[in-house]
Structures are given as structure tokens and as C-alpha cells.
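What follows is one structure encoded as C-alpha cells, with my remarks underneath.
Derivation of every value follows stated rules applied to the coordinates shown; laboratory data play no part. Note that the coordinates shown come from a computational prediction; the quantities given were computed from them, not determined experimentally. Cβ atoms come from the backbone with ideal geometry, glycine included; neighbour counts cover every protein chain shown.
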Amino acid sequence: AEDTGVRVELNEEDDGKKSSIALKLWVEDTKKLKGKYKDTGAIEFSFDLENEVAEVVAQEMVESGFFLDCDVKIVGKSIRDRVALIKWRRERTVSSGN
Amino acid sequence: SATAQVVHSAGRRFIVSPVPEARLKEQ
């Protein structure tokens, strides 16, 4: 995945079954953000892999004051990339098990 | 504790915690 400067990692073991999963997001490289970033630390949140959209969660982070509106796309992309990887891993696990 | 909780109006809970030091990108 592209280095967006925003890191998103699993915040729990993925059992491959749960639709909602815990993620943790933090800024690794503030220079990649357009807006001024207030260092708040890592943000832990849950994300529903089946029913949620990364960009919507990114918008909620903006509205909660973690990021500025100009960075919503980069945050959304960072979440979307991680979610895609989690889904890909799950699919691969299922297909290798068959 | 260094953790803080922010609840968005949509109901999502964000928990702020320290960045894992070992995982910070080396500059």
C-alpha cells in the first residue's frame, strides 16, 4: 500500500469471522498531511468490514477534531487500504483452507 | 492513564492512546 504517512493497524487478533474489528490509527509522518496536525496520539476505533465505509469513518475523525477537513482523503485512503488487506487475507485464508 | 475517549455524534467511540513507540517510523 502507498505510504500515506498515516498508519492503520489491527488492534486485536483477527479471527477471520467477526465483521467488526478493532483498528488503531496514528500519524507516522506529519509532513504528508496537508493541514496542521495536532499530535493526539493513536486513535483506537472499531470498524465493520461488511457495512462501513472507510471515508465515512475518516469524516467522523475530522468532525471529532482529530484531523482537518483537507486531510479526510488521506485518512480515508489509509483506512481503506488496511481494510482491503484484512479482507484479502481473510479471502486467502478461506480459499487455502478449502 | 494516558487514554482518553471521544464519542462522535454518530455514536462511534474513539479511544486515544499513546502511539506504540516501537512502531514509530524511524526518521
Unsatisfied cross-links (Cα-Cα over 26 Å) in the set A:LYS18/A:LYS38; A:LYS24/A:LYS87; A:LYS18/A:LYS77; A:LYS31/A:LYS77 = A:LYS18/A:LYS38
ask   = Which length gain, in nm to one decimal place, applies between A:LYS18 and A:GLU50 when the Cα-Cα distance is subtracted from 0.36 nm times their residue separation?
value = 10.6 nm
note = Amide H contacts under 5 Å for A:GLU28, restricted to residues at least 5 apart in sequence or on another chain and with H modeled in the peptide plane, are A:VAL6, A:ARG7
query = Based on the alpha-carbon gyration tensor of region A:30-81, what equivalent-ellipsoid semi-axes (square roots of 5 times the eigenvalues) come out, in whole Å, largest first?
reply = 19, 12, 10
Amide H partners (placed H, <5 Å) of B:PHE14, local residues excluded = B:VAL6, B:VAL7, B:HIS8
query = Any idea what angle helix A:54-63 forms with the longest principal axis of chain A, computed on alpha-carbon atoms, 0 to 90 degrees, nearest 10?
reply = 30
request  = Take the Cα atoms of the protein assembly as shown, find their three principal axes, and give me the spread along each one in whole Å, biggest first.
outcome  = 48, 36, 31
inquiry  = With n ≥ 4 as the cut-off for DSSP H runs, can you work out [θ] at 222 nm for chain A, using -39500 (n - 2.57) per run divided by the number of residues, rounded to the nearest 500?
reply    = -12500 deg cm²/dmol
inquiry  = Given Cβ point charges of +1 (Lys, Arg) and -1 (Asp, Glu) and nothing else, what value in debye, to the nearest 20, does the dipole of chain A about its Cα centre take?
reply    = 280
task = Any chance you could give the angle, 0 to 90 degrees and rounded to 10, that helix A:72-97 forms with the longest Cα principal axis of chain A?
result = 10
message = Please give me, ordered by residue number, the trypsin sites (Lys or Arg not before Pro) of region A:1-62 that lie in loop per DSSP and have at most 14 other Cβ atoms within 10 Å.
response = A:LYS17, A:LYS18, A:LYS34, A:LYS36, A:LYS38
ask   = Looking only at GluC sites (Glu not before Pro) in DSSP loops with at most 13 other Cβ atoms within 10 Å, what is the longest site-free stretch of chain A?
value = A:51-98
